[in-house]
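Laboratory data are not the source of any read-out in this text; all were calculated from the coordinates shown. Quick caveat: nothing in here was measured; it's all calculated off a predicted structure. Cβ: placed from backbone, ideal geometry, glycine included. Neighbour counts: every protein chain shown.
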């Protein structure tokens, strides 16, 4: 039995923008960058309930992320809320290809399937094939507070091995939140981004940004002003949102340039404090994971162990 992507019993969640017809469901995000990060679903989900013993989820890697180090094509399959396995959507970062994500069950009974798309690749959902005689049923809707993570590659989830290992996904999963990922590899702070986040009316939002401003040696006063503008725009759009400002995590090369990373951390803290808003809280990113190359293999981005430690530490202090 072939099921098209616009079938009414397929539901989509955890995305910013969805375009769906009888051939494909395509996802995008609002910030358009030179890397192609706006073409990434970044944790978007398709959910369905079926009694099929054999399911093939038809996906297409569209290869619209144009930098190999900003690419990760590993998604995840959850069955009845538990991680079943991860899967890869691409053999090559710059090659478009159709793939079939195969799911096999020992018997035929209704199960809720969640297919979670990669955090660093452009992937479309092109429907399902179910074993003969199987049926689709109404799946329970995705519920829970909406959490939006915003920032750079550290907020997006690099270098986690898959979307399921990334700290934003792990945090949201542990807290029972829906998660909309607006982290972009290479991104620097833009005050207008606050309005984009606020327009989503999140219940919880986090801002983790600053490393690329440090790396490019942005003017610190301008960075402070941009952070203040971003937070003001976010608050204007989402007056009830609980906002967490996370300063950049540990970096081995934080004194590589004349202006150290600590200046940007302090500017971010200062911008949050200047808001005089009890629901804007600062979290020390350096305290979230151990300072070594096991947790940060390249000296900047966390490993799976680093992501797990960050998610656990954030779960202990972030409320929805």
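Looking at the stretch 19-37 only, could you name the residues that are farther than 13 Å from residue 126 by Cα and either in contact (Cβ under 8 Å) with a residue 24 or more places away in the chain or assigned to a loop (DSSP other than H, G, I, E, B) (or both)? Even if it seems obvious, please write down each step before you answer.
Going through the stretch 19-37, the residues farther than 13 Å from residue 126 by Cα turn out to be 28-37.
Matches in the stretch 19-37: 29, 30, 31, 32, 33, 34, 35, 36, 37.
Taking the stretch 65-115, which residues are crowded, with 18+ Cβ neighbours inside 10 Å and not in a strand (DSSP E or B)?
From the stretch 65-115, those crowded, with 18+ Cβ neighbours inside 10 Å are 65, 70-78, 87, 89-90, 93, 99, 101, 103, 111, 113-115; that's our starting set.
Listed by number, the residues that qualify are 65, 70, 71, 73, 89, 90, 93.
Among the listed residues 237, 210, 233, which satisfies the condition of being touching a residue at least 12 places away in the same chain (Cβ under 8 Å), surrounded by 19 or more Cβ atoms within 10 Å (Cβ to Cβ) and more than 22 Å from residue 284 (Cβ to Cβ)?
Values: 237 fails: surrounded by 19 or more Cβ atoms within 10 Å (Cβ to Cβ); 210 fails: more than 22 Å from residue 284 (Cβ to Cβ).
Result of the check over 237, 210, 233: 233.
Any residue at all in the stretch 45-63 that is buried (at least 18 other Cβ atoms within 10 Å of the Cβ) and within 14 Å of the chain's Cα centre (by Cα)?
Within the stretch 45-63, one or more residues are buried (at least 18 other Cβ atoms within 10 Å of the Cβ) and within 14 Å of the chain's Cα centre (by Cα).
Taking the condition of being under 14 Å from residue 286 (Cβ atoms) and either buried (at least 23 other Cβ atoms within 10 Å of the Cβ) or without any contact (Cβ under 8 Å) to a residue 12 or more places away in the chain (or both), how many residues in the stretch 262-273 meet it?
Residues flagged as under 14 Å from residue 286 (Cβ atoms) and either buried (at least 23 other Cβ atoms within 10 Å of the Cβ) or without any contact (Cβ under 8 Å) to a residue 12 or more places away in the chain (or both) within the stretch 262-273 amount to 4.
Let me confirm something: among 154, 182, which residue is in contact with a strand residue (DSSP E or B) (Cβ under 6 Å, 6 or more places away or on another chain), in contact (Cβ under 8 Å) with a residue 60 or more places away in the chain and not in a helix (DSSP H, G or I)?
Values: 154 fails: not in a helix (DSSP H, G or I).
Sole residue among the options that is in contact with a strand residue (DSSP E or B) (Cβ under 6 Å, 6 or more places away or on another chain), in contact (Cβ under 8 Å) with a residue 60 or more places away in the chain and not in a helix (DSSP H, G or I): 182.
Residue by residue through the stretch 234-252, note down the ones that are within 19 Å of residue 155 (Cα to Cα) and part of a helix (DSSP H, G or I).
At the first step, the residues of the stretch 234-252 found to be within 19 Å of residue 155 (Cα to Cα) are 234, 241-252.
Once the filter is applied, which keeps residues that are within 19 Å of residue 155 (Cα to Cα) and part of a helix (DSSP H, G or I), the stretch 234-252 yields only 234.
Taking the stretch 1-15 on its own, how many of its residues are surrounded by fewer than 18 Cβ atoms within 10 Å (Cβ to Cβ) and either part of a loop (DSSP other than H, G, I, E, B) or in contact with a helix residue (DSSP H, G or I) (Cβ under 9 Å, 6 or more places away or on another chain) (or both)?
Going through the stretch 1-15 one residue at a time, the tally reaches 6.
Filter the stretch 97-114 down to the residues that are without any contact (Cβ under 8 Å) to a residue 60 or more places away in the chain and in contact with a strand residue (DSSP E or B) (Cβ under 6 Å, 6 or more places away or on another chain), then identify the one that is farthest from residue 2 (Cα to Cα). First the steps, then the outcome.
Step one: of the stretch 97-114, the residues without any contact (Cβ under 8 Å) to a residue 60 or more places away in the chain are 97-109.
Pick out the ones that are also in contact with a strand residue (DSSP E or B) (Cβ under 6 Å, 6 or more places away or on another chain) and you get 97-104.
Working: 97: 19, 98: 16, 99: 15, 100: 13, 101: 14, 102: 14, 103: 15, 104: 16 Å.
The extreme case among them is 97.
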